[in-house]
Amino acid sequence: MNTPRQRRLRAQRRSRQCGAAGLCRRDHRQARQGRSNRPTTIGVERPTNPFLRADVAYLQAAMGHPGDAVATFAEIRERKNRF
């Protein structure tokens, strides 16, 4: 099936993976240089961590809870639990 919800989730994943891919390259580069890649900054973490973006409208819509950051956060947490 290719429902609108499935398309939204795929788009969300692609968006998150693009950001995460850049972080992976950075982490590997820093590891090769013998540098720590942690701790990170909130500026780096926010675009790639869905738990920090529960207030973003498109993520709320993708999770099925438009306008509700708390329910969005709970939905993200529940999906993580089932993953």
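Here, each number is a calculation from the coordinates, and none is a lab measurement. Only a predicted model underlies this, so the values are computations on that prediction, with no experimental measurement involved. Cβ coordinates were reconstructed from backbone atoms using ideal geometry, including for glycine residues, and neighbour counts include every protein chain displayed.
For the peptides 71-83, 44-56, the ranking by packing is 44-56, 71-83, with the highest mean count of neighbouring Cβ atoms within 10 Å listed first. Here the extension length gained between Glu45 and Ala71 equals 7.3 nm, from 0.36 nm per residue of separation less the Cα-Cα distance.
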